[in-house]
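Read the structure below first, then the notes.
The values are calculated or read from the model by the stated rules, or taken from the named source; none is laboratory data. Fair warning: this is a prediction, and the values are worked out from it, not measured in the lab. Here the Cβ positions follow ideal geometry from the backbone for every residue, glycine too, while neighbour counts run over all protein chains shown. Note: areas computed on protein heavy atoms with side chains; ligands, DNA, RNA excluded. Shrake-Rupley method; radii C 1.70, N 1.55, O 1.52, S 1.80 Å.
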Amino acid sequence: MSFISIQNLTKSWGEAPAVNDMSFDVAAGEFLALLGPSGCGKSTTLMMLAGLENPTDGQIHFNQKNVTDLAPGKRKISMVFQSYALFPHLSVKENILFGLKARHVDPAERNKRLSEVLELVDLGAHMDKKPGQLSGGQCQRVALARAIVSHAPICLMDEPLSNLDAKLRNEMRSEIRSLQKKLGLTVIYVTHDQIEAMSMADRVALLNKGCIEQIGRPEELYDQPATDFVAGFIGHPPMNLIPDEETILGIRPEHIRLDESEGISSKVVNCDYHGANTLISTKFCGHILNFMIQGHRQYPAGHTLKLNWDRGQAHYFSRTTGQRMADITQNHFMNEGLN
Amino acid sequence: MDKDISRRLTLWLLLTPFILWMLLLVVIPHIDMFLLSIREKVGPRQYEMGLGNYAEFFGEPFYWNTLARTAIMSVLATVLTLIIGFPVSYYIAKIARSKQKKILFMLCLLPFWVSELVRTFGWMILLRETGIMSGVLQWIGFVDQPVEMLYNDITVVMGLIYTSMLFMIVPLVSTLDSLDDSYIEAGYDLGGNMVSVMREIVIPHAMPGIISGCIVVFMLTLGNYLTPILLGGKSSMWFTGQIYTQFITRFNWELGAAFGFLLLALSSLMVWGGLRLSGQTLASTVAKS
């Protein structure tokens with residue numbers, strides 16, 4: 001059995017289940033991101049793993065031990081909250097030591113671990129300040145320190161970076177990742193930001209309506225999306241999804257190129273200049289097709305462009321189930337385009 | 001420049017009713033009361049300045065015993081109100097869902113639609129010798145003769161708690177409401193149990209609310225007249241009753257005024273002491289709740 005094993009986890013509050021029969025495993029030292037839009041059940045899942053929410057059904061095993069009904073403090077986990085949840089009336093030092101005091105760790109060990117984590121997160125100078133006197137990034141570091149000081153093998157993180165500005169978020173992303181590797185932590189990380197999930201995680205579980213749509217390495221989700229939902233969610237700008245009677249054709253904006261000789265004709269609707277590249281929207285088979293071109297391009301609306309893409313980069317999904325279909329060699333889209 | 005003048009004018013216009021209120025109904029009467037309290041009657045329509053009224057208070061054990069008793073019972077009622085009110089407030093603020101929360105809050109407010117007098121008479125109907133409680137106890141055979149449950153200290157304290165509960169719950173609910181759930185979750189998550197989470201996270205956070213609730217309840221209780229007199233009867237020995245007696249029954253306004261000032265001094269002293277003990281300031285408790 002894996003280090004963390006979740007079986008048939010379900011949570012419902014009477015209405016449609018927030019988490020529906022979810023199962024997955026996490027290996028020791030692995031960084032798993034739970035990714036999904038708001039309301040997909042990712043936070044509820046995390047709260048159940050933390051013991052702060054009781055599952056309606058299913059089991060949670062940490063390190064071969066059934067912890068489904070165990071109190072949060074007894075699960076040998078640490079947690080980092082979105083709001084950091086630093087106790088405002090306690091200093092940085094007292095915040096970090098709160099858990100060790102509650103667990104009656106002896107003072108000598110406490111101080112040793114305190115100086116250790118203060119070194120790790122580089123907060124020694126702010127030890128006696130209150131959280132209110134710290135910047136957002138420093139609060140985030142205190143929250144991390146408070147989590148890792150417990151030496152718990154599992155760390156649960158609930159959108160820990162969403163309250164930081166973009167620059168700080170990039171810095172903290174690599175900081176959390178390197179800390180996790182250095183300490184060999186097993187991390188389950190909830191986020192709605194696909195860039196965080198894709199850049200930090202060993203594996204990503206994409207959730208939708210309380211179920212896992214796909215779980216796998218980031219490149220698997222990007223290259224081989226299992227459903228049209230995954231296809232539409234992963235990647236920015238999102239994949240173009242063009243339905244016909246039975247299938248949905250998916251093609252990423254970054255995979256479409258101009259091809260004067262063999263391309264499919266389509267008419268420009270709009271050009272959006274982004275700096276490094278330009279996002280162009282065209283009309284294709286009655287649907288909007290977005291694609292990226294390097295540099296600054298401006299075409300008048302109605303201008304005809306010839307587009308093409310490699311066959312290997314097209315994805316097909318069933319119109320009825322949304323499931324990925326085996327590569328179709330003959331497709332009327334391509335036929336139409338190649339005529 | 002014009003803006004500056006109009007802003008200042010707005011401020012003064014808004015302040016005027018408050019200043020008038022304070023001046024006419026609080027400051028002037030109190031100055032007059034104070035002058036009255038340091039006036040001694042030496043003969044018909046002959047008065048002298050002096051502290052004789054205060055000396056009389058300290059010289060007569062009945063008077064200062066009454067004040068001490070009033071203070072102790074008010075502290076007791078305040079502490080009990082806090083002990084009962086805290087879990088109720090915690091439930092309303094943290095456990096109840098939003099719709100329940102409104103209903104529960106409403107239920108706390110509901111008794112206040114009825115005047116205090118009527119509410120207290122309600123208690124009298126329940127608790128008097130020929131009252132409902134006594135009747136029920138006899139009917140189930142628990143007692144074989146009517147029991148008088150009025151006119152004792154327990155009933156007085158209970159009545160005081162009942163009267164002032166809302167003033168404890170309102171500030172407590174508002175401070176507990178402002179405590180983010182994630183603090184409590186983090187406390188449990190870090191290994192805390194219910195006792196340590198309460199003691200180290202919830203109570204420190206709620207401290208301003210606790211103190212402001214306690215101050216309000218203590219002041220209301222200390223200055224309450226109706227409940228102790230009606231539920232405690234003649235033997236209630238409540239200090240406000242004593243003040244009433246001096247002013248109205250004995251027509252000794254000088255002594256009554258001195259008593260009034262002693263009560264004011266005592267309540268100020270106890271509030272100051274409470275703030276010192278809890279490490280709060282008056283400003284922080286008022287601003288946070």
If each DSSP helix of 4+ residues adds -39,500 (n - 2.57) and the sum is divided by the residues in chain A, what number results at 222 nm, nearest 500 deg cm²/dmol? -8000 deg cm²/dmol
Trypsin sites (Lys or Arg not before Pro), restricted to region B:1-78: which are DSSP loop and have at most 14 other Cβ atoms within 10 Å? B:R45
I want the local charge near A:T320. Using Cβ-Cβ distances under 15 Å, sum +1 for each Lys or Arg and -1 for each Asp or Glu among the other residues. -2
Efficiency of FRET between A:E94 and B:V42 - r from beta-carbon atoms, R0 45 angstrom, step 0.05: 0.10
Near the amide H of A:L207, under 5 Å away, which other amide H atoms are found, from residues 5 or more places off or on another chain, if H is placed in the peptide plane? A:L35, A:G36, A:E213
Gaussian network model of chain A, springs between alpha carbon atoms under 10 Å - residue of A:I176, A:I212, A:I234 with greatest fluctuation: A:I176
Enumerate the amide H contacts of A:V19 below 5 Å, restricted to partners 5 or more residues apart or on another chain; note that Pro and chain-start residues carry no placed amide H. A:K11
At 1.4 Å probe size, what's the solvent-accessible area of B:F105? Round to the nearest 10 Å². 80 Å²
Shape verdict for region B:54-288, please, from the Cα gyration tensor: rounded (a/c under 1.5), prolate (a/b greater than b/c) or oblate. oblate
Chain B: relative contact order from alpha carbon pairs under 8 Å, six or more residues apart, as a whole percent, is 24 percent
Per-residue average of Cβ from other chains inside 10 Å of A:87-93: 3
How much FRET efficiency would the formula 1/(1 + (r/R0)^6) give for A:S199 and B:L15, where r is the Cβ-Cβ distance and R0 is 56 Å, rounded to 0.05? 0.45
Can you pull the mean other chain C-beta count within 10 Å for peptide B:197-210? 2
Mind listing the phi-derived Karplus ³J(HN,Hα) values for region A:42-50, rounded to whole Hz, using 6.51, -1.76 and 1.60 with θ = phi - 60°, and x for any glycine or proline? 5, 5, 4, 4, 5, 4, 6, 5, 6
Accessible-area value, B:I83, 1.4 Å probe, nucleic acids and ligands omitted, Å²: 110 Å²
Let's test the formula: R0 of 51 Å, r as the Cβ-Cβ distance of B:F142 and A:K101. What FRET efficiency results, to the nearest 0.05? 0.55
Whole-Hz couplings from phi, Karplus 6.51/-1.76/1.60, listed for region A:102-111; x for Gly and Pro: 4, 8, 6, 6, 6, x, 5, 4, 4, 5
Rounded to a whole number, the Stokes-Einstein D of region A:160-247 in µm²/s (Kirkwood radius over Cα pairs; 4 °C; 1.567 mPa s) is 90 µm²/s
Find how many whole Å separate the alpha carbon centroid of region B:206-284 from the alpha carbon centroid of region A:71-105. 42 Å
If I model a spin label at A:K181 and B:I5 as a point 7 Å from the Cα along the Cα→Cβ vector, what separation in nanometres do I get? 7.1 nm
Rh (Kirkwood, all Cα-Cα pairs) for the protein assembly as shown, Å, reads 31.1 Å
For region B:90-210, averaging the sequence separation of alpha carbon pairs under 8 Å that lie six or more residues apart and dividing by its residue count, the contact order in percent is 23 percent
Summing -39500 (n - 2.57) over the DSSP H runs of n ≥ 4 in chain B and dividing by its residue number, what mean residue ellipticity at 222 nm do you reach, to the nearest 500 deg cm²/dmol? -22500 deg cm²/dmol
hull vol. (C-alpha, convex hull) per residue for region A:4-221, Å³ -> 121 Å³
In region A:4-221, what % of DSSP beta bridges are antiparallel (nearest 5)? 50 percent
Averaging sequence separations of C-alpha pairs under 8 Å and six or more residues apart, then dividing by the length of chain A, give the relative contact order as a whole percent. 16 percent
Losing no less than 50 Å² of accessible area (probe 1.4 Å) relative to the isolated chain, the residues of region A:47-82 are A:F81
Solvent-accessible ranking of B:W113, B:W272, A:W309, largest area first, probe 1.4 Å: B:W113, B:W272, A:W309
Please give the average number of partner chain Cβ atoms lying within 10 Å of the Cβ of each residue in B:177-188, rounded to a whole number. 6
Neighbourhood charge, 15 Å Cβ-Cβ cut-off, centred on B:P146 and excluding it, Lys, Arg +1 and Asp, Glu -1: -2
Axial C-alpha extent at least 15 Å, average Kyte-Doolittle at least -0.5 - helices from chain B (DSSP): B:2-21, B:61-90, B:98-109, B:116-127, B:153-177, B:203-222, B:253-278
Dipole magnitude of the protein assembly as shown about its Cα centre (Cβ charges: Lys, Arg +1; Asp, Glu -1), debye to nearest 20: 1320 debye
Could I get the Rg over Rh figure for region A:240-338? Both from C-alpha atoms, Rh via Kirkwood, rounded to two places. 0.98
